[in-house]
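K.L.:
Here it is, the structure, as structure tokens.
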Amino acid sequence: MKIKKGDEVIVITGKYKGVKGKVLESRPAESRIVVAGVGRTKRHVKPTQDKPGHIKEVEAPIHVSNVALVDPQTKKATRVGYKLDGNRKIRIAKKSGTEV
């Protein structure tokens with residue numbers, strides 16, 4: 001997957017289209033990511049002896065094809081490319097060519 005934990009992404013399709021957020025979790029085996037503030041769902045928590053029951057909101061994972069990386073220079077959606085720098089591979093933004 002070209003999108004990693006900590007990247008800033010923008011949702012390009014669906015209910016949350018246009019929303020920018022930070023990637024909180026990456027699940028490469030499922031091709032899904034968890035983005036802050038996107039795909040909020042409610043989970044019911046059962047009561048315990050020391051805590052009452054409540055409803056909490058959590059972010060649900062969304063498919064990685066529904067988001068695009070935000071270019072650090074132009075602040076718009078961009079694709080991710082790779083460039084070899086000596087013996088290491090670095091990610092670059094396709095639109096501006098800057099390192100991600």
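K.L.:
Kindly evaluate residue 34 against the criterion of being open to solvent by less than 80 Å² (accessible area, probe 1.4 Å) and either outside any strand (DSSP E or B) or more than 20 Å from residue 6 (Cβ to Cβ) (or both).
P.N.:
Here the answer is no, as residue 34 does not meet what is asked.
K.L.:
Pairs, please: C-beta under 9 Å, at least 6 apart or cross-chain, first residue without any contact (Cβ under 8 Å) to a residue 40 or more places away in the chain and farther than 17 Å from residue 70 by Cβ and in the range 10-38, second of a type in the set (Lys, Arg) and open to solvent by 40 Å² or more (accessible area, probe 1.4 Å)?
P.N.:
These pairs meet every condition: 25/5; 25/32.
K.L.:
All but one of (1) surrounded by 10 or more Cβ atoms within 10 Å (Cβ to Cβ); (2) within 17 Å of the chain's Cα centre (by Cα); (3) modelled with pLDDT of 95 or more hold for residue 29, so report the exception by its number.
P.N.:
So residue 29 meets the others, but not (1).
K.L.:
Another question, if that's okay. Checking the condition over 15 Å from residue 17 (Cα atoms), in a loop (DSSP other than H, G, I, E, B) and open to solvent by 40 Å² or more (accessible area, probe 1.4 Å), which residue from 83, 95 passes?
P.N.:
On the way: 83 fails: in a loop (DSSP other than H, G, I, E, B).
Matching residue, one of 83, 95: 95.
K.L.:
OK, next. Say whether the condition of being farther than 23 Å from residue 94 by Cα, surrounded by fewer than 18 Cβ atoms within 10 Å (Cβ to Cβ) and touching a helix residue (DSSP H, G or I) at 6+ places or on another chain (Cβ under 9 Å) is met by at least one residue in the range 13-20.
P.N.:
Restricting attention to the range 13-20, the residues satisfying the condition of being farther than 23 Å from residue 94 by Cα are 14-16.
Now restrict to residues that are surrounded by fewer than 18 Cβ atoms within 10 Å (Cβ to Cβ): 14-15.
With the extra rule that they be touching a helix residue (DSSP H, G or I) at 6+ places or on another chain (Cβ under 9 Å), the set shrinks to 14.
Looking for residues that are farther than 23 Å from residue 94 by Cα, surrounded by fewer than 18 Cβ atoms within 10 Å (Cβ to Cβ) and touching a helix residue (DSSP H, G or I) at 6+ places or on another chain (Cβ under 9 Å), one finds at least one in the range 13-20, hence yes.
K.L.:
Could you give every pair whose Cβ atoms fall below 8 Å, whose first residue belongs to the range 59-77 and is acidic (Asp, Glu), and whose second residue is assigned to a strand (DSSP E or B), counting only separations of at least 6 or pairs across chains?
P.N.:
Hits for this filter: 59/24; 59/34; 59/35; 59/40; 59/41; 71/77; 71/78; 71/93.
The values are calculated or read from the model by the stated rules, or taken from the named source; none is laboratory data. Quantities reported herein were computed from a predicted structural model and do not represent experimental measurements. Quick reminder, even Gly has a Cβ in these numbers, built from the backbone with ideal geometry, and neighbours come from all protein chains shown. When the accessible area is computed, the model is the full protein with side chains, heavy atoms only, and any ligands, DNA or RNA have been set aside. Shrake-Rupley method; radii C 1.70, N 1.55, O 1.52, S 1.80 Å.
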